[in-house]
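Shown next, in structure tokens, is the structure this report addresses.
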Amino acid sequence: MILTSYNKGLLAEFLASIFLVLRGYKILNKRYKTKVGEIDIVARKGNYIHFVEVKLRKNQALAKEAISYKNQVRVTNAAKIYLQKNQKYLNYNLSFDAISVNFPLRINFIKNAWGE
């Protein structure tokens with residue numbers, strides 16, 4: 001069976017979610033869509049809310065390159081909307097993270113991939 005790019009992306013997000021859960025993160029939302037952008041994963045651990053961008057690429061360098069400034073702005077703006085709608089998290093620290101999924105299976109977690 002050949003996976004489409006869309007399905008490969010879903011698989012990468014699923015693997016990233018498992019990776020986070022196994023490390024003690026609670027997944028709050030997946031594929032959180034707003035009019036200004038989408039957040040692949042919203043997770044909580046301790047007093048941090050993590051807004052995670054997931055990229056599926058052949059290697060980590062290509063995954064980092066894929067998180068453009070425009071992409072960062074979209075996720076950051078979507079995070080602001082998320083916090084407006086989920087005000088119980090307003091006093092939490094924020095982290096904008098990235099997870100790259102590379103095949104054969106390798107997952108790289110980049111905490112604080114960009115600033116607010």
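The values are calculated or read from the model by the stated rules, or taken from the named source; none is laboratory data. None of the values given here were measured: they were computed from a predicted structure. Cβ coordinates were reconstructed from backbone atoms using ideal geometry, including for glycine residues, and neighbour counts include every protein chain displayed. Remember, those area values only see protein heavy atoms, side chains included, never the ligands or the DNA or RNA. Shrake-Rupley method; radii C 1.70, N 1.55, O 1.52, S 1.80 Å.
Need the failing condition index for residue 5 against (1) modelled with pLDDT of 95 or more; (2) among the small types (Gly, Ala, Ser); (3) open to solvent by 80 Å² or more (accessible area, probe 1.4 Å), just the number.
Every condition holds for residue 5 apart from (1).
Pick out the one residue from 78, 43 that is open to solvent by less than 60 Å² (accessible area, probe 1.4 Å), outside any helix (DSSP H, G or I) and on the phi < 0 side of the Ramachandran plot. Step through it out loud before you land on a result.
Values: 78 fails: outside any helix (DSSP H, G or I).
After applying the criteria, what remains is 43.
Considering each of 100, 68 in turn, give the residue that is at pLDDT 85 or above, open to solvent by 10 Å² or more (accessible area, probe 1.4 Å) and among the small types (Gly, Ala, Ser).
After ruling out the rest, the residue left standing is 68.
Suppose we filter the range 82-97 for residues that are open to solvent by 30 Å² or more (accessible area, probe 1.4 Å) and either in contact with a helix residue (DSSP H, G or I) (Cβ under 9 Å, 6 or more places away or on another chain) or under 15 Å from residue 42 (Cα atoms) (or both); how many remain? If you could, list the steps in order and put the result at the bottom.
So the first thing to find is which residues in the range 82-97 are open to solvent by 30 Å² or more (accessible area, probe 1.4 Å), and the list is 84-88, 90-94.
Checking which are either in contact with a helix residue (DSSP H, G or I) (Cβ under 9 Å, 6 or more places away or on another chain) or under 15 Å from residue 42 (Cα atoms) (or both) leaves us with 84-88, 90, 92-94.
So the answer is 9.
Of everything in the range 8-40 that's open to solvent by 60 Å² or more (accessible area, probe 1.4 Å) and assigned to a strand (DSSP E or B), which residue is farthest from residue 110 (Cα to Cα)?
33
Name the pairs whose Cβ atoms lie under 7 Å apart, with the first residue in the range 1-29 and free of Cβ contacts under 8 Å to residues at least 40 places away in the same chain and closer than 13 Å to residue 52 by Cα, the second of a type outside the set (Lys, Arg) and surrounded by fewer than 16 Cβ atoms within 10 Å (Cβ to Cβ), and 6 or more positions between them or separate chains?
Final answer for the pair search is 27/21.
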